[in-house]
Amino acid sequence: MKLQHQLNIAFTTLLLVIMGVAGYVIYSLILDLLIQDEQRQLRQYGEILVNVMNEEDGTSQYAELLQDQDLQLFLYDRNQDAVLFSTMSNQIVKGLWENNDFADDSESLWEYGDSNFVTSRILFYPQGTGIELILLTPMNDIQAVQRNFIARLLLVFLIGAAVAVLISTFLTNKLVTPLSQLKWQLKKIEKRQFDDIERISATGEIKEVEQSVYEMAEELKRYMHTQQTFFQNASHELKTPLMTIQGYAEGIRDQIFDEKDQEKGLEVMVTEVNRLKKIINEMIVLAKLDSEPSAYKRTQVKLSSVINQVEERALPLVNEKEIDLRHHVEADITLMADEEKLLRALLNLTINGIRHAKSQVIINVYNRNQMTIITVEDDGDGVPEDLIPHIFHRFVKGKNGETGLGLAIARAIIEQSGGKIEVTDSELGGAKFEMTFPE
Ligand SMILES: Nc1ncnc2c1ncn2[C@@H]1O[C@H](COP(=O)(O)OP(=O)(O)OP(=O)(O)O)[C@@H](O)[C@H]1O
Ligand SMILES: [Mg+2]
């Protein structure tokens, strides 16, 4: 069932229950209140009559006076237990006399046949005379008032309920409309129509959900875009060496090369196969970093030892390029990280530095403002301005570039260690890669 209908039903049911209880309470109280009110009125009226009759010398002229009143009443003598006078018909007087005990003044309701009477009794002065004026009102009259009252109450309730249902429909509609609009936006996300997504005006929690959905869509769009470029770049990067290999392989098979060219061809094929292997290995590393955070095993790593290993592994390239590779490591700095992977990240940066340096590469490790900072800088030409915003993206490479995955891998590792990496200009003249880790 639709949420709006559920809310409306819940609200209406609640309203009906409240009205039902209120109605029942009012219904059961109203008769008592009406009876009490009637008795009060009868008493007031009766007291006036008794006063007048007392002034007019006892009860002698009562008959005329009482007859003139449009009232149902008795004059009752307590001492003789006898009715002296009544404005009611003999038959009713007789009936009431037989059914009720006139002497019992605690009984305020009298019965006769199907109908009841509300009574009110006033004693004449002086009390010794024992004469009482008893005024009566048929219950039917009071019940008619009660019915009238209840009918009006019902009408008010009905109007109230109708207004409440209207308000409830309006409010739930206001509440549910943004939700159904959100549903349509989610359908668009499902169909990947990211550009058609519209913002929804809502308030409170729904606004928060809407904001999250919007951010999620943006993130998904970004993710799909990077995936797409990744695959495009990857297939392009894999295709180039494969086509070279294919060209030489077919040439050798069809014997179109002379011996010298054949040898060169085989040489190129081996180089390209190695390049393919490297690309594929790096892609696997990246995919693992993305999909298996559990493969990242953090331990307390001593940075001086990691830097030494980096230097050891970079040694062949250092010698080949005749580069001066130095390091300054503040004593005993450690980091919570996966040692093997941190080594890989720093090696990528160092090899980049050596490859682009003119004569020197410096690695610094120090603590500052409760941060551990590692920098790798060189005296090369630096990173071109236009490359800086994309340099950590996959397959992005500049001149003298190889696969363009080294920095992407380094960034993934640094971020998994809780750090940040950025590139700036080095005082040596080249590029400076700076990694910061909270201590
Ligand atoms: N120290 C540096 N000085 C100048 N340019 C650099 C430096 N380091 C990286 N770059 C530029 O950034 C690009 C991307 O570097 P990255 O390490 O990601 O890829 P790569 O070195 O080309 O290939 P590999 O995957 O083998 O590392 C490089 O191609 C290069 O143009
Ligand atoms: Mg590199």
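Residue-wise test of (1) more than 25 Å from ASP32 (Cβ to Cβ); (2) free of Cβ contacts under 8 Å to residues at least 40 places away in the same chain.
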site: ASN54; (1), (2): yes, no
site: LEU65; (1), (2): yes, yes
site: PHE74; (1), (2): no, no
site: ASP77; (1), (2): yes, no
site: PHE85; (1), (2): yes, yes
site: ASN116; (1), (2): no, yes
site: ILE122; (1), (2): no, no
site: THR129; (1), (2): yes, no
Among the residues of the stretch 323-331, is there at least one that is of a type in the set (Gly, Ala, Ser) and surrounded by 17 or more Cβ atoms within 10 Å (Cβ to Cβ)?
-> no
Return yes or no: is LEU407 within 15 Å of ligand 1 (Cβ to nearest atom) and under 40 Å from the mean Cα position of the chain (by Cα)?
-> yes
If you take the residues of the stretch 420-439 that are without any contact (Cβ under 8 Å) to a residue 60 or more places away in the chain and within 36 Å of the chain's Cα centre (by Cα), which of them is nearest to ligand 2 (Cβ to nearest atom)?
-> ILE421
Take LEU315 and decide whether it is within 15 Å of ligand 1 (Cβ to nearest atom) and aliphatic (A, V, I, L, M).
-> no
Exactly one of (1) touching a strand residue (DSSP E or B) at 6+ places or on another chain (Cβ under 7 Å); (2) under 22 Å from GLN309 (Cβ atoms); (3) buried (at least 20 other Cβ atoms within 10 Å of the Cβ) is unmet by TYR366. Its number?
-> (3)
Restricting attention to the stretch 371-394, which residues are of a type in the set (Asp, Glu) and touching a Leu at 6+ places or on another chain (Cβ under 9 Å)?
-> GLU377, ASP378, ASP379
Among ASP195, ASP101, which is more than 25 Å from VAL21 (Cβ to Cβ), charged (D, E, K, R) and in a loop (DSSP other than H, G, I, E, B)?
-> ASP101
Is it true that GLN300 is at negative phi, assigned by TED's automatic domain parsing to the domain that holds VAL365, surrounded by fewer than 11 Cβ atoms within 10 Å (Cβ to Cβ) and in contact (Cβ under 8 Å) with a residue 12 or more places away in the chain?
-> yes
Count - residues of the stretch 320-355 that are closer than 23 Å to VAL383 by Cα and either within 16 Å of ligand 2 (Cβ to nearest atom) or in a helix (DSSP H, G or I) (or both) | 18
In the stretch 421-430, is there at least one residue being away from ligand 1 (no atom under 12 Å from the Cβ), assigned to a strand (DSSP E or B) and within 19 Å of ILE307 (Cβ to Cβ)?
-> no
Matching entry among THR203, THR244 (being within 19 Å of ILE280 (Cβ to Cβ) and without any contact (Cβ under 8 Å) to a residue 60 or more places away in the chain) = THR244
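Residue-wise test of (1) more than 30 Å from SER168 (Cβ to Cβ); (2) at pLDDT 85 or above; (3) in a helix (DSSP H, G or I).
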{"residue": "PHE11", "(1), (2), (3)": "no, yes, yes"}
{"residue": "VAL17", "(1), (2), (3)": "no, yes, yes"}
{"residue": "VAL21", "(1), (2), (3)": "no, yes, yes"}
{"residue": "TYR24", "(1), (2), (3)": "no, yes, yes"}
{"residue": "LEU31", "(1), (2), (3)": "yes, yes, yes"}
{"residue": "GLN39", "(1), (2), (3)": "yes, yes, yes"}
{"residue": "GLN44", "(1), (2), (3)": "yes, yes, yes"}
{"residue": "MET53", "(1), (2), (3)": "yes, no, yes"}
{"residue": "GLY58", "(1), (2), (3)": "yes, no, no"}
Just checking, how many residues over the stretch 369-380 are assigned to a loop (DSSP other than H, G, I, E, B) and either within 6 Å of ligand 1 (Cβ to nearest atom) or at pLDDT below 95 (or both)?
-> 3
Quick one: count up the residues across the stretch 381-417 that are of a type in the set (D, E, K, R), touching a strand residue (DSSP E or B) at 6+ places or on another chain (Cβ under 9 Å) and part of a helix (DSSP H, G or I).
-> 2
Would you check if there is a residue in the stretch 106-116 being in a helix (DSSP H, G or I), hydrophobic (A, V, I, L, M, F, W, C) and modelled with pLDDT of 90 or more?
-> no
For the stretch 321-332, pairs from a residue that is at positive phi to a residue that is among the charged types (D, E, K, R) and part of a strand (DSSP E or B), with Cβ under 8 Å and 6 or more apart or across chains, are ASP332/LYS302
Could you please let me know if THR169 is under 30 Å from ALA408 (Cβ atoms) and among the β-branched types (Val, Ile, Thr)?
-> no
Among the residues of the stretch 1-59, write down those that are hydrophobic (A, V, I, L, M, F, W, C) and within 19 Å of TYR76 (Cβ to Cβ).
-> LEU42, ILE48, LEU49, VAL50, VAL52, MET53
Taking the stated definitions as given, is VAL365 assigned to a strand (DSSP E or B), in contact with a Leu (Cβ under 8 Å, 6 or more places away or on another chain), within 12 Å of ligand 1 (Cβ to nearest atom) and touching a residue at least 12 places away in the same chain (Cβ under 8 Å)?
-> no
Is it true that ASN274 is closer than 23 Å to THR229 by Cα and within 16 Å of ligand 2 (Cβ to nearest atom)?
-> no
Would you point out the residue of the stretch 369-413, among those that are among the hydroxyl-bearing types (Ser, Thr, Tyr) and closer than 26 Å to THR334 by Cβ, that is farthest from ligand 2 (Cβ to nearest atom)?
-> THR372
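The values are calculated or read from the model by the stated rules, or taken from the named source; none is laboratory data. Remember, it's a predicted structure, so these values are computed and weren't measured experimentally. Cβ atoms come from the backbone with ideal geometry, glycine included; neighbour counts cover every protein chain shown.
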